[in-house]
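In what follows, a single structure is set out as structure tokens and then discussed.
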Amino acid sequence: HTLKFSDNAIRHIIKLTHYHPYMIQLLCQRIWERAHFNKSVNEHLVEEAFIDTTIQDALVHGSQAFYWLWIGISLEEQIFASAFAEKSSPFQQLSLSDVRNIIKKNAKILRISERERPHEKLVQRHILNEVGEEAFCFEIELFRQWVKNNQPLDAVKRSIDQKLNPEADRYYQNGKICFELG
């Protein structure tokens, strides 16, 4: 049994993966398994809408690879990527000032050094694309969706707190337990 993909479906896969070989393989494997095991594709023709229903499955099955990409970026890059992903929709562009405002509004103590310029490093690492003057979008939409689902800004902040000051985090956790116990 083989699958046929409409032209729109092929364009959609490329758009979601930005030609990344592993991401294409991951998404197509999930499409193939879902289509054949669930008998859910008529005449074995894959359309764009069917791909969209398979994305969540791909994010779950590819979570180790996405996590590997995540831990390969610096804390400042994680903050920037998390803020961007959390407040953007698929294929959306955000300006540098939009992302900085998101960070300031959602986590007052998180700061990104102007010197570090995490957006530039994320472009160099092919996580973001610069699509205009100080305007960006995620290069791999599947990764943006994984970050949005698995690395929200609050969780990133907690993770950074734990890494940078484990003693303070222990005090916080103990205080939280005491508060919950009354």
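The values are calculated or read from the model by the stated rules, or taken from the named source; none is laboratory data. In this text the structure is predicted, and so the values were computed from the model without any measurement. In this analysis, Cβ positions are derived from the backbone assuming ideal geometry, glycine residues included, and neighbour counts consider all displayed protein chains. Surface areas here come from the heavy atoms of the whole protein model, side chains and all, with no ligands, DNA or RNA. Shrake-Rupley method; radii C 1.70, N 1.55, O 1.52, S 1.80 Å.
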**Asked** Taking ILE71 and the conditions (1) touching a residue at least 12 places away in the same chain (Cβ under 8 Å); (2) β-branched (Val, Ile, Thr); (3) under 30 Å from ASP161 (Cα atoms), which numbered condition does it fall short on, given that it satisfies the others?
**Response** (1)
**Asked** Of all residues in the stretch 111-134 being surrounded by 14 or more Cβ atoms within 10 Å (Cβ to Cβ) and in contact with a Leu (Cβ under 8 Å, 6 or more places away or on another chain), which is modelled with the lowest pLDDT?
**Response** HIS119
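Any idea which of LEU59, LEU3, LEU26 is open to solvent by less than 50 Å² (accessible area, probe 1.4 Å), among the aliphatic types (A, V, I, L, M), modelled with pLDDT of 95 or more and farther than 29 Å from LYS105 by Cβ?
Details: LEU59 fails: farther than 29 Å from LYS105 by Cβ; LEU3 fails: modelled with pLDDT of 95 or more.
Among LEU59, LEU3, LEU26, only LEU26 is open to solvent by less than 50 Å² (accessible area, probe 1.4 Å), among the aliphatic types (A, V, I, L, M), modelled with pLDDT of 95 or more and farther than 29 Å from LYS105 by Cβ.
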**Prompt:** So which helices (runs of 4 or more DSSP H) are wholly in the stretch 134-182 and hold at least 2 residues that are on the phi < 0 side of the Ramachandran plot and among the small types (Gly, Ala, Ser)?
**Reply:** 153-164, 166-181
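Matching residues to (1) buried (at least 17 other Cβ atoms within 10 Å of the Cβ); (2) without any contact (Cβ under 8 Å) to a residue 12 or more places away in the chain; (3) over 30 Å from ARG100 (Cα atoms):
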| position | (1), (2), (3) |
| --- | --- |
| LYS15 | no, no, no |
| PRO21 | no, yes, yes |
| ILE31 | yes, no, yes |
| ASN38 | no, yes, yes |
| HIS44 | no, no, yes |
| GLN64 | no, yes, no |
| GLU77 | yes, no, no |
